[in-house]
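Read through the structure below, which is laid out as structure tokens, and then see the notes.
The values are calculated or read from the model by the stated rules, or taken from the named source; none is laboratory data. Everything numeric in this text was worked out from a predicted model, so none of it was measured. Here the Cβ is made from the backbone with ideal geometry for all residues, glycine too, and neighbour counts use every protein chain on show.
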Amino acid sequence: MKKASCLVFLVCSVLFLQSCKKTANNAINCIGEAFYVNVNFTVDPSNSKTINFTATDSGEYPLKSVQWIYGDGSTATTTTLTSSHTYSSAGTYTVTANVNVSTCTIKPQKAVKVN
């Protein structure tokens, strides 16, 4: 019985250490991936309150989705790196793009001045 208990303990220890290694690798990968994600925007020429957003991702992991938080209470989720939003009033808004790649969510922000 003692040998079986030791064997179970050993197997559980190895599995635990593997899961910690995977978590540490994911954290390192997320930090590295954050350097490759950015948010840019352009003003729509036909309506100055419509802003076209693009999140750039030149990292190695595939995009899963982007949750856009426009700073005026509105949000949208896309499976592409682009989105468009029309603001109801002028002002400066902080836009966040929660970019989901692999096992990470990277959250770049950009201040947008709407006229």
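State whether one or more residues within segment 19-39 are surrounded by 17 or more Cβ atoms within 10 Å (Cβ to Cβ), in contact with a Phe, Trp or Tyr (Cβ under 9 Å, 6 or more places away or on another chain) and at pLDDT 80 or above. Yes: one or more hits. When the test is whether a residue is surrounded by fewer than 17 Cβ atoms within 10 Å (Cβ to Cβ) and without any contact (Cβ under 8 Å) to a residue 24 or more places away in the chain, Thr86 does not pass it. Scanning segment 59-83 for residues that are touching a residue at least 40 places away in the same chain (Cβ under 8 Å) and either in contact with an Asp or Glu (Cβ under 7 Å, 6 or more places away or on another chain) or not in a loop (DSSP other than H, G, I, E, B) (or both) gives Gly59, Tyr61. Could you list, in sequence order, the residues of segment 103-112 that are part of a loop (DSSP other than H, G, I, E, B) and crowded, with 16+ Cβ neighbours inside 10 Å? Of everything in segment 103-112, just one residue is part of a loop (DSSP other than H, G, I, E, B) and crowded, with 16+ Cβ neighbours inside 10 Å, namely Pro108.
Any residue at all in segment 55-73 that is surrounded by fewer than 16 Cβ atoms within 10 Å (Cβ to Cβ) and touching a Cys at 6+ places or on another chain (Cβ under 8 Å)? For segment 55-73, residues surrounded by fewer than 16 Cβ atoms within 10 Å (Cβ to Cβ) and touching a Cys at 6+ places or on another chain (Cβ under 8 Å): absent.
For segment 84-102, the candidate set comprises residues that are assigned to a strand (DSSP E or B) and more than 25 Å from Gly32 (Cα to Cα); within that set, the residue that is farthest from the chain's Cα centre (by Cα) is Gly91.
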